[in-house]
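The numbers here are math on the coordinates, done by the rules we state, and not lab data. Predicted, not measured: the structure shown is a model, and the values here were computed from it. Glycine also receives a Cβ, built like all others from the backbone with ideal geometry; neighbour counts cover every protein chain displayed.
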Amino acid sequence: QKEVEQDPGPLSVPEGAIVSLNCTYSNSAFQYFMWYRQYSRKGPELLMYTYSSGNKEDGRFTAQVDKSSKYISLFIRDSQPSDSATYLCAMSAHYGGSQGNLIFGKGTKLSVKP
Amino acid sequence: GAVVSQHPSRVICKSGTSVKIECRSLDFQATTMFWYRQFPKQSLMLMATSNEGSKATYEQGVEKDKFLINHASLTLSTLTVTSAHPEDSSFYICSAREMGSPLHFGNGTRLTVT
C-alpha cells in the first residue's frame, strides 16, 4: 500500500459546482497536511495547510482532516474555470528540518467547464 | 509571501552535455532547499536536500555524481545535470522554506535531452 493515495482523475465539473478532492494515507504519524495547486508547466503553489484533525476555511476553499480515518479532503465552492489545475495533497510527520520529506499524492487533475 | 525563483524555465540540450538549474529564494534566507523531479502524471519525487555550506543529502537511488548540487549562499542552490541523457528529460522543481512557514516551490525547469 502506498503511503498516500490520490485519485488522479481527471475530474470535470461545470462552473459553479462544489468540488471535493480527497487523499487517503497509511502512516498514522502524519500530522501536517497540505494542499498544493499546480498549473500546467508550473511549480506547485501552496493552497491550504492544516495541522492534525479538523477543518480550515480560506475563501472558497475548505480543508478537512480526519486522522481517525486517515482521510483528508479539499472542497472548492463555486468553482471557476481558473480553478482548473492539478491538486496535490502532501503530508509529513515533522514540520522542522525534514520538511523536504513531504509525501505527495499523485495529484488530481481538475477541469472546470464554463 | 515567500517567493522562490527557478531558472531557466525550459532547456533543451544535446545528449552528453551538462545543464545547470538555479533556485533562488528572493525575499528570505533558506539554509535548506529541496530538489524534486516530476514525470508526467506522477507525483513529486524528492531527489536531494541542499544544505547551505555543506554537502547535499541525496535520496536513495539518486546518483550524486550525476546530479551535482551546490548551495553556496543562503539564497541560491544549483542543480547540475551532468552528461545528460534522454532518460534525464523531466520536470525539475526546487523548493525552500522560510522559517515558520510551509514549503514554497519554484516554477520548475523542463529539461529535454535530445
Considering residues that are away from chain A (no Cβ under 14 Å) and of a type in the set (Val, Ile, Thr), the number found within region B:59-114 is 7
So which pairs qualify, if the first residue must be in region B:18-37 and away from chain A (no Cβ under 12 Å), the second must be among the acidic types (Asp, Glu) and surrounded by 17 or more Cβ atoms within 10 Å (Cβ to Cβ), the Cβ gap must be under 7 Å, and the two must be at least 6 apart or on different chains? B:28/B:98
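Residues checked against (1) on the phi > 0 side of the Ramachandran plot; (2) surrounded by 15 or more Cβ atoms within 10 Å (Cβ to Cβ):
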{"residue": "A:3", "(1), (2)": "no, no"}
{"residue": "A:20", "(1), (2)": "no, no"}
{"residue": "A:49", "(1), (2)": "no, yes"}
{"residue": "A:54", "(1), (2)": "yes, no"}
{"residue": "A:61", "(1), (2)": "no, yes"}
{"residue": "A:75", "(1), (2)": "no, yes"}
{"residue": "A:84", "(1), (2)": "no, yes"}
Can you tell me how many residues in region B:1-54 are hydrophobic (A, V, I, L, M, F, W, C), surrounded by 14 or more Cβ atoms within 10 Å (Cβ to Cβ) and in a loop (DSSP other than H, G, I, E, B)? 4
Could you tell me whether residue A:43 is surrounded by 13 or more Cβ atoms within 10 Å (Cβ to Cβ) and in contact (Cβ under 8 Å) with a residue 40 or more places away in the chain? no
Show me the strands (runs of 3 or more DSSP E) entirely contained within region A:30-114 in which 1 or more residues are more than 24 Å from residue B:42 (Cβ to Cβ) and acidic (Asp, Glu). A:54-58, A:61-66
In the set B:40, B:8, which member is within 12 Å of chain A (Cβ to nearest Cβ) and not polar (S, T, N, Q)? B:40
Counted residues in region A:15-49 being more than 10 Å from chain B (Cβ to nearest Cβ) and in contact with a Pro (Cβ under 8 Å, 6 or more places away or on another chain) come to 2
